[in-house]
Amino acid sequence: MQQSSLFPPAEQGEIITLHDADLHYFPNFYSAVEADYLFELLRVETPWRQDSIRIAGVQRLQPRLSAWYGDTDAEYTYSGLHLVPLTWSFPLIDIKAKLEDSCATQFNSVLLNYYRDQQDSMGWHSDDEVELGPAPIIASLTLGASREFAFKHKTRKELRYKIKLGHGSLLVMQGNTQKYWLHAIAKEKEPVGARINLTFRRIFKERSDAK
């Protein structure tokens, strides 16, 4: 099954023009009131955990809390960490339905990351694991404090880009984005409030089995 390359209507957001990338940003995907409600609900009800991953052969605690939800067979492996999905909650089912309608594709899993303050971060990486397929659609929803989301090209070091992801915003990454670009969220020097990020994706079981 191939994922759709359709974006939501352009007038609802903006196309981010980057070489070798396919990005679309919706600053107000959820209203402030809706985003406030979802942030607090997910913050309180999510069974957050701090996993350990392998970086350069060394096990380290991730500098953030996380949770993995999805269909029963949507298992996911990265950096030596194997994730078995939690059962979809009602709030996540509602969010997934809204995203699927807007992005014209289907998702079967979501990774929630909870950045508690400015000390929590995400290192440089691409969502390019084999079970995500050759051109994954990643729908990234931000709730809470704005954080700077950075991109850098894998081979053309002069190509870099940064964007502040705001409360209730949606960033859709698709096409060759994961093939050619890395992304990260760095620690901040100044105090920053809590942020929850949800990255919806599709796990292809047959690709996972072939690993």
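The values are calculated or read from the model by the stated rules, or taken from the named source; none is laboratory data. In this text, all values refer to a predicted model and were calculated from it rather than measured experimentally. Counting neighbours? That spans all protein chains shown, and the Cβs are built from the backbone with ideal geometry, glycine included.
Observations on the structure shown:
- Residue within the range 162-180 that is modelled with pLDDT of 95 or more, more than 20 Å from Leu38 (Cα to Cα) and among the aliphatic types (A, V, I, L, M) present: yes
- Pairing each residue of the range 167-187 that is farther than 11 Å from Pro136 by Cβ and in contact (Cβ under 8 Å) with a residue 60 or more places away in the chain with any residue that is β-branched (Val, Ile, Thr) and assigned to a strand (DSSP E or B), provided the two are 6+ apart or on different chains, yields C-beta distances under 6 Å for Ser169/Thr142.
- Residue-level check: of (1) over 16 Å from the mean Cα position of the chain (by Cα); (2) closer than 21 Å to Met173 by Cα; (3) surrounded by 12 or more Cβ atoms within 10 Å (Cβ to Cβ); (4) without any contact (Cβ under 8 Å) to a residue 24 or more places away in the chain, Glu100 misses just (1).
- Test: residue in the range 153-160 that is over 13 Å from the mean Cα position of the chain (by Cα) and assigned to a strand (DSSP E or B): yes
- Only a single item in (1) over 18 Å from the mean Cα position of the chain (by Cα); (2) at pLDDT 95 or above; (3) among the hydrophobic types (A, V, I, L, M, F, W, C) is not met by Leu38, and it is number (1).
- Among the residues of the range 30-56, those identified as hydroxyl-bearing (Ser, Thr, Tyr), under 28 Å from His125 (Cα atoms) and surrounded by 14 or more Cβ atoms within 10 Å (Cβ to Cβ) are Tyr30, Thr46.
- The requirement of being farther than 24 Å from Glu14 by Cβ and touching a helix residue (DSSP H, G or I) at 6+ places or on another chain (Cβ under 8 Å) is fulfilled nowhere in the range 46-68; no residue meets it.
- Flag set for Ser140, criterion: surrounded by 17 or more Cβ atoms within 10 Å (Cβ to Cβ), of a type in the set (Gly, Ala, Ser), at pLDDT 95 or above and outside any loop (DSSP other than H, G, I, E, B).
- Residues of the range 60-97 satisfying the condition of being hydroxyl-bearing (Ser, Thr, Tyr), exposed (fewer than 15 other Cβ atoms within 10 Å of the Cβ) and over 16 Å from the mean Cα position of the chain (by Cα): Thr72, Thr87
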